[in-house]
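The values are calculated or read from the model by the stated rules, or taken from the named source; none is laboratory data. These numbers come from a predicted model, not from an experiment. Cβ placement follows ideal geometry from the backbone for every residue including glycine, while neighbour counts extend to all protein chains displayed.
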């Protein structure tokens, strides 16, 4: 990954030792030249503000202090403030609510930096105004009340209280982080700090460069304050490496970190995957002449890749031009991050994988006559856990599905097993009218996962509504039979106001694992239900439609399913079903529920149920 990140830095002209970087600023304190408070206002209006991005001073990632090189991170020993930008606790002497002591280390360091700039730039109106404001030891609650037009300041936004929002100063209408003199002062300061550190670094080489250079002892931060590389020092010290845990040239480390930060910060180059982050970028940096009207010079960029990678997440497939790209999925933990996967492929190959993915999902119909739209990755992940706000899928579930869709990774067996387990639990619980839509969506998503397992891993024949009745697998036919018995049961109880239980609710788990125990009793009750339905509709449920009664197309009923099962299973129900057989059972069950019965009455008359599904979960069930 690092050689490709170096190319990104080269293409974008990044050295990794820039003295500034884009950062969000959420609030601005307006001051006069004399340091008098004028106003306190957000940079972006409206609720849910995320702050406006400005080019802000950036600290160098190492410093020489107390006779040794140290990493600049967020502990009290070697922490350095950001110049002119920071949370309330680092600027105001008492913090947000006045409870911070005057000796608070981070606030003291921030003030020391501002006062040092004021001494070095005595004629700079901006820094002198900020200094005059701070020497009055302002109270933040007073400042915020000014923003609230004198009202109670108890409504301070929670992110501002928790130090998640940054503030800066504007003096006499000029934003402090945009003042040229202050920017140059900071640039020279960072340059001197780096020179002091570099003079004390050892000389060596790494695998990324041929020429020797200074080896870094500490790595720049990525992903919001996490060292780009971090190893346990002890195993390396015995080999005489000292603080150098892994050999990498300082310039290479800085460029790689800068490139990764840009990719993670650019909305067109990253995607959030439920606890992990996917970063991606175009690999082809050469200009090419595209055919067409005149000469069109194209440079593949991350926007094309972004559109492409969003398609499985958003459920929409898009065509993209030819090109090569890289993708890495990163997992961040406390103080560390890891590369969970790395992919290098071309857009045509990834598009081929994606079309296959959607081909499997599109072949699955929807219940209740809704249009069959592809299931989103997020929905597929959520259907494997309990349907509550507190239940969230493991982070790996999102990335595994994402990689399966785009990079032809083998479908995880654990997701297949989780879908089968959740299927039995949720069908047993059922649903009511309020939750029916969500129930059916989750049922379809689970069946999609099961089908993906067979289609992508087993390379089996595709099962569609057109060949649904041609399947001869015993487990598949058992699933069809349960759905048919469920429909008969529901129709038998319609006139009496519905039922709180049906074969799919009370017997799905047993029927899908031990058919020989569950089906004899279910089949025995079916005769009573058919008699209760009576008239021509009971006849149709049992015998289906002949071709002459259905526009030349025969429609199978209960007896046809039983005849097929008898032939496939050898005149008896299977004793047990393996996990894969349970998966075929689930597919047969779902497809049978989605069959749309003919609208014609036929020669024997009788009512006709126009619903596409068998309402196996009673609307009365609570």
statement: Checked region 490-530 for anything under 17 Å from residue 421 (Cβ atoms), touching a helix residue (DSSP H, G or I) at 6+ places or on another chain (Cβ under 8 Å) and touching a residue at least 24 places away in the same chain (Cβ under 8 Å); matches are 504, 505, 507, 508, 509, 511, 512, 513
query: Of these, 391, 437, 462, which one is under 19 Å from the mean Cα position of the chain (by Cα) and at pLDDT below 90?
result: 391
task: Kindly provide the set of residues from region 540-576 that are at pLDDT below 90, part of a loop (DSSP other than H, G, I, E, B), in contact with a helix residue (DSSP H, G or I) (Cβ under 8 Å, 6 or more places away or on another chain) and within 22 Å of residue 514 (Cβ to Cβ), ordered by number.
output: 572
task: Scan 405, 428, 418 and give me the residue that is assigned to a helix (DSSP H, G or I), touching a residue at least 60 places away in the same chain (Cβ under 8 Å), in contact with a helix residue (DSSP H, G or I) (Cβ under 9 Å, 6 or more places away or on another chain) and within 27 Å of residue 277 (Cβ to Cβ).
output: 405
- request: Name the one entry in 109, 193 that is in contact (Cβ under 8 Å) with a residue 40 or more places away in the chain and in a helix (DSSP H, G or I).
  value: 193
- line: If we keep only residues of region 365-378 that are surrounded by fewer than 17 Cβ atoms within 10 Å (Cβ to Cβ) and touching a helix residue (DSSP H, G or I) at 6+ places or on another chain (Cβ under 9 Å), then the residue modelled with the highest pLDDT is 366
message: Looking for something assigned by TED's automatic domain parsing to the domain that holds residue 486 and within 16 Å of residue 490 (Cβ to Cβ) - is there at least one such residue anywhere in region 545-553?
response: no
task: Examine region 25-35 for a residue that is modelled with pLDDT under 90 and within 31 Å of the chain's Cα centre (by Cα), and state whether such a residue exists.
output: no
message: So if I check each of 436, 442, which one is surrounded by fewer than 20 Cβ atoms within 10 Å (Cβ to Cβ) and outside the structural domain of residue 566 (by TED's automatic domain parsing)?
response: 436
message: Any residue that is part of a loop (DSSP other than H, G, I, E, B), at pLDDT below 85, farther than 24 Å from residue 273 by Cα and in the same structural domain as residue 282 (by TED's automatic domain parsing) - is there at least one of those in region 348-364?
response: yes
query: Does region 418-429 contain any residue that is closer than 30 Å to residue 305 by Cα and under 22 Å from the mean Cα position of the chain (by Cα)?
result: no
task: Could you grab me the full set of residues in region 465-504 that are over 24 Å from residue 540 (Cβ atoms), under 38 Å from the mean Cα position of the chain (by Cα) and assigned to a helix (DSSP H, G or I)?
output: 475
